[in-house]
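The values are calculated or read from the model by the stated rules, or taken from the named source; none is laboratory data. Remember, predicted model here, so these are calculated numbers, not experimental data. Reconstructed Cβ throughout: ideal geometry from the backbone, glycine too, with neighbour counts over all protein chains shown. Only protein heavy atoms, including side chains, enter the accessible area calculation; ligands, DNA and RNA are left aside. Shrake-Rupley method; radii C 1.70, N 1.55, O 1.52, S 1.80 Å.
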Amino acid sequence: MNPSKEKLRHATTEGSSEKEHLNSLCNVQSSFNCLQIHSPFRPNFPILTETLDSTMSSSPPFKSRPESKYTKAKRALRSLAVSVAIPLTLTIAVIFLFGRSSRHFPNRNRPIWVAPLWLLHLSSISSSFLIGLAAWLVWADGGFHCGSNALPLYIAHLSLSVVWNPLVLVIRALLLAFLFCVLDLVTLYACYRTFKRVNPFAKDLIKPCLAWTAYLCAVTYVFIDL
């Protein structure tokens, strides 16, 4: 046999053996990496650990796709609509169910500064709109998170603000209605103090609501003597 061909075959055999040896080493290293990741008993392989850590640290972190201005504006408008619609819907529903009966409302003997029933209802709807807008501003600034009294006070105000129509116009419990009005005024003032610490513009929106609730307290007190 030709010596050159013999050397070439020998070199090819050695190359194939070396390639198979490298492949087996890579397979072993991959097995060790999987064992180190998934096994609760992490073996101490310094070289493999350093290789794995350097590979993981060099990979760039995952970055979420930033929201567009249109998406942010759409989400803000949706939350604003929900925040305003809740008190508005509640007030309009109570007026529709209990406020249409005016038989217990004094139309003739009331003082001149007492507004007619339709104007009282319109003022209640306007106050509900303002308090809903103020609540949205506080929510947008994170004022309704855990540890704050803003949300419980807001819910308490919504609950107290809808009892005037059934108590005055249906049941004719004027003294109880006056007590609820005073309690609502105190709760709304607490909302004013709480909202002021979160958003200064929100507390300005509550000022007309405070004036309206105080006026309703005076109207209810006058109704007791009529």
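Of note:
- Residue count for the stretch 205-226 satisfying the condition of being open to solvent by less than 60 Å² (accessible area, probe 1.4 Å) and free of Cβ contacts under 8 Å to residues at least 24 places away in the same chain: 1.
Results for (1) modelled with pLDDT under 95; (2) part of a helix (DSSP H, G or I); (3) closer than 18 Å to L90 by Cα, shown as yes or no for each residue.
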| position | (1), (2), (3) |
| --- | --- |
| L153 | yes, yes, yes |
| S159 | yes, yes, yes |
| P166 | yes, yes, yes |
| L175 | yes, yes, no |
| L179 | no, yes, no |
| V186 | no, yes, no |
| F201 | yes, yes, no |
| T213 | no, yes, yes |
| V222 | yes, yes, no |
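- If you go through the stretch 174-204 and pick out every residue that is among the charged types (D, E, K, R), open to solvent by less than 50 Å² (accessible area, probe 1.4 Å) and without any contact (Cβ under 8 Å) to a residue 60 or more places away in the chain, you end up with 1.
- Put simply, of G99, G143 the only residue that is over 30 Å from the mean Cα position of the chain (by Cα), closer than 21 Å to D184 by Cα and touching a residue at least 40 places away in the same chain (Cβ under 8 Å) is G99.
- If only residues of the stretch 154-173 that are open to solvent by 40 Å² or more (accessible area, probe 1.4 Å) and among the aliphatic types (A, V, I, L, M) are counted, the one that is nearest to Y189 (Cα to Cα) is I155.
- Selection count where residues are over 18 Å from L151 (Cα atoms), surrounded by 13 or more Cβ atoms within 10 Å (Cβ to Cβ) and of a type in the set (V, I, T), scope the stretch 71-104: 4
- Entry remark, the stretch 138-151: residues being crowded, with 20+ Cβ neighbours inside 10 Å and part of a helix (DSSP H, G or I) number 3 in total.
- Any hit, the stretch 75-92, residues being assigned to a loop (DSSP other than H, G, I, E, B), out of contact with any Gly (no Cβ under 6 Å at 6 or more places or on another chain) and of a type outside the set (S, T, N, Q): no
- For the stretch 109-129, the condition of being open to solvent by 70 Å² or more (accessible area, probe 1.4 Å), touching a residue at least 40 places away in the same chain (Cβ under 8 Å) and basic (K, R) holds for none of the residues.
- Qualifying residue in the stretch 125-132 (condition: touching a His at 6+ places or on another chain (Cβ under 8 Å), on the phi < 0 side of the Ramachandran plot and part of a helix (DSSP H, G or I)): yes
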